[in-house]
Amino acid sequence: QVQLLESGGGLVQPGGSLRVSCVFSGIGFSAYAMGWYRQTPGKQRESVARVATDGTTYYVDSVKGRFTISRDNGRHTVYLQMNNLTPEDTAVYLCKAFNYNEEYWGQGTQVTVSS
């Protein structure tokens, strides 16, 4: 059974930085692609960044150049480094582990960008 636990959210001023983490509990972390998504009330859940098992990354256009996703297979952890944050980045950030026939979600961590 896979469980995901996010941490690192909080309140940050515009232009600031934050790193959120997602710890994977279970077997086979290196065999799962990992992704960060974000959810705001009344909006569809948005894919922010993904990292494949081979390290290939994907970013939504709105975060390119500002966010960096990385994975540490030894620590079973995926990170999202977020720089130059804007109020539009305010959301609950959720972690997902997935492969061809499974997907697992964490509960999310709140990121609020406000002065």
Cα gyration tensor, the chain - rounded (a/c under 1.5), prolate or oblate: prolate
For the chain, with all protein chains present and a 1.4 Å probe, just round the carbon and sulfur fraction of the accessible area to a whole percent. 47 percent
Using per-residue counts of other Cβ atoms within 10 Å, averaged over each peptide, order 82-90, 59-67 from highest down. 82-90, 59-67
Alpha carbon centre of segment 64-112 versus segment 1-40: separation in Å? 4 Å
Beta bridges by DSSP in the chain, antiparallel share as percent, to the nearest 5: 95 percent
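With charges only on Cβ, +1 for K and R and -1 for D and E, what is the dipole size of the chain about its Cα centre, in debye, rounded to 20? It would help to have the intermediate numbers written out before the result.
Values: 10 positive and 9 negative charges, 24 e Å.
In debye, rounded to 20, the chain gives about 120.
Accessible area per residue, 1.4 Å probe, Å², for segment 45-115: what's the number?
Numbers: 3820 Å² over 71 residues.
That works out to 54 Å² for each residue.
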Dipole axis of the chain (+1 Lys, Arg; -1 Asp, Glu on Cβ), positive-most option in Gln3, Pro14, Tyr59: Pro14
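The values are calculated or read from the model by the stated rules, or taken from the named source; none is laboratory data. Here the structure is a predicted model, which is why all the values come from computation and not from measurement. Cβ: placed from backbone, ideal geometry, glycine included. Neighbour counts: every protein chain shown. Surface areas here come from the heavy atoms of the whole protein model, side chains and all, with no ligands, DNA or RNA. Shrake-Rupley method; radii C 1.70, N 1.55, O 1.52, S 1.80 Å.
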